[in-house]
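Some notes on the structure that comes next.
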Amino acid sequence: MALIAEPFGALPDGSPVIRYTLSRPGGLTLRVLTYGGIVQSLEVPDARGRVVNVVLGFASLHGYLAAGDAYFGCLVGRFANRLAGGRFSLDGENYAVDVNAGGNCLHGGSTGFDKRLWSAEPFNDNELRLTLTSPDGDQGFPGRLNVEVTYCLLESGVRIGYRATTDAPTVINLTNHSYFNLAGEGSGSVEAHTLVIDADEFTPVSRDLIPTGEVAVVAGTPLDLRRKTAVGAHLRDPHRQLLAARGYDHNYVLRGTGLRRAARLADPTTGRVLEVLTDQPGLQLYTGNFLDGSHVGIGGRAYRQGDGLALETQHFPDSPNHPAFPSTVLRPGQLFATSTTWLFHTD
Ligand code: GAL
């Protein structure tokens with residue numbers, strides 16, 4: 001087991017970015033940047049011991065700075081996914097937060113947690129602790145928020161722990177935005193991967209990808225992934241939800257509560273399997289619909305639509321504007337604490 005820190009370039013204002021490498025001999029290697037808390041690479045062996053990097057990313061800091069709107073591998077906050085019109089009210093106060101995507105607030109606004117320099121401190125050889133203080137009024141959000149994210153390298157996986165406290169009532173929704181390709185980043189489409197999502201329902205969206213507020217059953221729609229289904233099997237079905245999002249870009253209402261399995265992704269060619277466990281109520285399946293071949297990844301290949309998919313554990317998008325959705329309110333004295341685990345094995 002080892003933990004290595006090395007320079008990874010500097011931000012335009014001169015601040016140095018550090019890359020931490022956590023590794024287990026014969027096992028996984030995880031590389032995390034202090035910029036955005038980005039998972040730059042995650043090397044995973046297959047059944048024959050062949051190791052590839054299963055997340056999309058870039059070789060240099062410049063790559064991340066140039067492709068910020070695709071959120072490669074980063075930590076997302078204060079509020080993952082969209083807030084309609086960048087507006088919500090809390091305790092009778094109306095808030096207007098930064099709008100950065102079609103008149104809505106996406107992933108916490110233009111300078112979200114994905115574009116911040118986090119402080120990092122190795123906890124032990126297997127665990128990296130990242131912290132960030134988001135001041136009151138940051139991107140328009142109320143309350144000074146102290147956030148801590150830990151990346152823990154397990155025997156055959158990664159556990160991400162999120163904790164936050166605030167000094168005034170606020171809303172919060174944190175996730176990680178890694179795009180997975182279990183055959184290796186840059187190897188082409190994930191359409192042949194199979195996927196299971198442990199959800200009977202999803203939250204339908206309108207054309208601007210804002211939830212309508214309904215909770216609909218997946219049964220009878222291309223969003224039904226309760227049984228092992230190839231990612232590409234229904235991707236081109238002329239279903240209104242898929243057309244609105246150009247593919248899958250939907251929040252699933254996960255079955256059950258507490259830490260439980262949310263999804264299982266498998267690559268039939270290499271046998272690699274990823275299981276996602278979380279205590280969160282939702283999971284956003286995003287099939288990289290906006291990847292357009294304009295960014296060259298870490299291995300030298302351009303990323304196109306469907307070359308990776310994100311499984312973002314989260315609270316439901318736009319929750320503050322839908323009182324029936326599970327609450328995203330965090331108050332002083334409360335601890336926001338959640339965790340998500342990516343477990344890898346081979347079929
Ligand atoms: C996803 C979101 C997509 C898109 C993407 C970043 O989390 O659901 O609509 O914004 O992030 O390109």
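What follows is calculated from the coordinates using simple rules that are stated; it is not laboratory data. Please read these numbers as outputs of a predicted model, since none were measured by experiment. Here the Cβ is made from the backbone with ideal geometry for all residues, glycine too, and neighbour counts use every protein chain on show.
Out of (1) in a strand (DSSP E or B); (2) in contact with an Asp or Glu (Cβ under 9 Å, 6 or more places away or on another chain), the odd one out for HIS250 is which?
Condition not satisfied by HIS250: (2).
Residues in the range 320-340: is at least one without any contact (Cβ under 8 Å) to a residue 24 or more places away in the chain and aliphatic (A, V, I, L, M)?
No: zero hits.
With respect to the numbered conditions (1) surrounded by fewer than 23 Cβ atoms within 10 Å (Cβ to Cβ); (2) near the ligand (Cβ under 10 Å from one of its atoms); (3) polar (S, T, N, Q), which one is the sole condition not fulfilled by THR287?
So THR287 meets the others, but not (1).
Taking the condition of being within 17 Å of HIS177 (Cβ to Cβ) and not acidic (Asp, Glu), how many residues in the range 105-138 meet it?
Filtering the range 105-138 for residues within 17 Å of HIS177 (Cβ to Cβ) gives 105-116, 118, 130, 132.
Remaining after also requiring not acidic (Asp, Glu): 105-113, 115-116, 118, 130, 132.
Looking only at that region, the number is 14.
Look through the range 196-236, keep the residues that are hydroxyl-bearing (Ser, Thr, Tyr) and either outside any loop (DSSP other than H, G, I, E, B) or out of contact with any strand residue (DSSP E or B) (no Cβ under 9 Å at 6 or more places or on another chain) (or both), and return whichever of them is farthest from ASP318 (Cα to Cα). Outline the logic, then answer.
So the first thing to find is which residues in the range 196-236 are hydroxyl-bearing (Ser, Thr, Tyr), and the list is 203, 206, 212, 221, 229.
Add one more test, that the residue is either outside any loop (DSSP other than H, G, I, E, B) or out of contact with any strand residue (DSSP E or B) (no Cβ under 9 Å at 6 or more places or on another chain) (or both), and what stays is 203, 206, 229.
Details: THR203: 11, SER206: 12, THR229: 28 Å.
Per the criteria, the residue is THR229.
Got at least one residue in the range 255-277 being farther than 20 Å from TYR179 by Cα, in contact (Cβ under 8 Å) with a residue 40 or more places away in the chain and surrounded by 21 or more Cβ atoms within 10 Å (Cβ to Cβ)?
no
Against the definition (more than 16 Å from the ligand (Cβ to nearest atom), of a type in the set (A, V, I, L, M), out of contact with any Asp or Glu (no Cβ under 6 Å at 6 or more places or on another chain) and in a strand (DSSP E or B)), how does ALA324 come out, yes or no? Spell out how you get there, then give the answer.
On the way: more than 16 Å from the ligand (Cβ to nearest atom): yes; of a type in the set (A, V, I, L, M): yes; out of contact with any Asp or Glu (no Cβ under 6 Å at 6 or more places or on another chain): yes; in a strand (DSSP E or B): no.
So ALA324 fails the test.
Can you pull out every residue in the range 331-347 that is closer than 12 Å to LEU145 by Cα and of a type in the set (Phe, Trp, Tyr)?
The one that is closer than 12 Å to LEU145 by Cα and of a type in the set (Phe, Trp, Tyr): PHE336.
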